[in-house]
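The next block holds one structure in the form of structure tokens; read it before the comments.
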Amino acid sequence: MTRVLSGVQPSGDLHLGNYLGALRQWAVHQHDHDAFYCIVDLHALTLEIDPKVLRARTLDTAANLLAAGLDPEVCTVFVQSHVPEHPRLTWLLECTATMGELNRMTQFKDKGRGQDAVRAGLFTYPVLMAADILLYDADRVPVGDDQRQHLELTREVAVRFNNRYGPTFTVPEAAIPTVGARVMDLQHPERKMSKSVDSPLGTVAMLDDPAEVARKVRKAVTDTDGEVRYDPEAKPGLSNLLELLAAATDRRPEDVATDYERYGDLKRDLTDALVELLRPVRARHAELSSDPGALHAVLARGAARAHEVAAATYARAAAAMGLLPA
Ligand code: AQP
């Protein structure tokens, strides 16, 4: 069976972008792949985060993943820091990637903008992500469009390592959905919806209640020309709404656009579709959160299974580079 690996940071409340761009695909892939899904808490340390909040969010992210349809009997759900081979392999890969490659990554520039002191970890983040993926010999990595550049770096590092030290890593492919891969902020449609950016009206959380979803969609920024047309360049706000309705109803945004003449009608149907899409997720999350002990048990089983695979890959990579076995 081919293997998939993907991760999510416990850096804030999960939102529609995370759900449509990633989690929904993860739930599908778990049935036809050997699937590993990781809560990447070490990545969340690259930006300011209160330790108590990080701890609580890590467990809540686990509840969100299961609520989004991951079945721990079918796939492996675990926390990155529970598997020590992630930072260990990162060092080996930091000695394989180059400063020039990391300098070309756009995400650390976006996330570091406006900060007095950017953490070194924000700069080397893509190498930790490469380690996350390569440790599991993943063939496919289901991610949103924002991770395309990091995936490409992972492939380059894997190929270089294999050429330099002999065949060690599987070179992974990105699996990016055709619709929903880049959900934009409802108030600032020029930037992606994001957990760590403060945009309360622009971000629809996976657990928002129907009234909140309705309020945010009603206030979503559009334009004044009044024509319903899918045109992300000229009409980014409206096109984002069309993409969301298309993603929620498994259609193409161009086709959805032909059903509407008025923005208000589109917003009404989008609200209904999102409320229905998120209803089961909210209900399952409420159940799962009432039993933290069961969530801890799922994560402990996941870490044990992930560790078996990761330890073997790490040993192979360390030996290939010439490190003396302990
Ligand atoms: N707006 C988005 N549209 C589609 N997919 C998205 N993803 C994130 N935002 C969107 C996908 O969700 C998965 C998990 O993301 P992450 O937690 O690794 O962090 P990120 O990509 O940096 O996403 P966020 O939500 O913006 O988090 P913060 O603000 O913490 O950085 C990934 O597959 C991602 O592509």
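For the chain, give me the percentage of DSSP beta bridges that are antiparallel, rounded to the nearest 5 percent. Once the DSSP bridges in the chain are tallied, antiparallel ones form about 10 percent.
In order along the stretch 159-165, the Karplus-derived 3J(HN,Hα) couplings, from 6.51 cos²θ - 1.76 cosθ + 1.60 at θ = phi - 60°, round to 5, 4, 4, 4, 5, 7, 10 Hz, and Gly and Pro are given as x.
Taking Cα pairs under 8 Å and at least six residues apart, what relative contact order does the stretch 230-326 come out at, in percent? With pairs under 8 Å counted, the relative contact order is 17 percent. Pairs from the table (52/192; 109/192; 52/109) lying more than 25 angstrom apart at Cα are 52/192; 52/109.
In the chain, helical runs assigned H by DSSP with n ≥ 4 each contribute -39500 (n - 2.57); averaged across all residues and rounded to the nearest 500, the mean residue ellipticity at 222 nm is -16000 deg cm²/dmol. Neighbour counting of Cβ atoms within 10 Å sorts the residues 206, 1, fewest neighbours leading, into 1, 206.
Among 265, 137, 41, the largest mean-square fluctuation in a Gaussian network model of the chain, built with springs joining Cα atoms closer than 10 Å, belongs to 265.
In terms of the mean number of neighbouring beta-carbon atoms within 10 Å, the peptides 294-304, 148-158 order highest first as 148-158, 294-304.
Computed from the C-beta positions of residue 162 and residue 199 and an R0 of 35 Å, the FRET efficiency is 0.25 to the nearest 0.05. Taking Lys and Arg as +1 and Asp and Glu as -1, the other residues whose beta-carbon sits under 15 Å from that of residue 322 total +2. Spin-label model, residue 258/residue 279: points 7 Å from Cα along the beta carbon direction are separated by 2.9 nm.
Compute the helix-to-body angle for 292-321: its Cα long axis versus the longest principal axis of the chain, expressed 0 to 90° and rounded to tens. Approximately 50 degrees, to the nearest ten.
Where a number appears in this text, it was derived from the coordinates with a stated rule and is not lab data. The shown structure was predicted, so the numbers you read here are calculated from the model rather than taken from an experiment. Neighbour counts run over all protein chains shown; Cβ positions are idealised from the backbone, glycine included.
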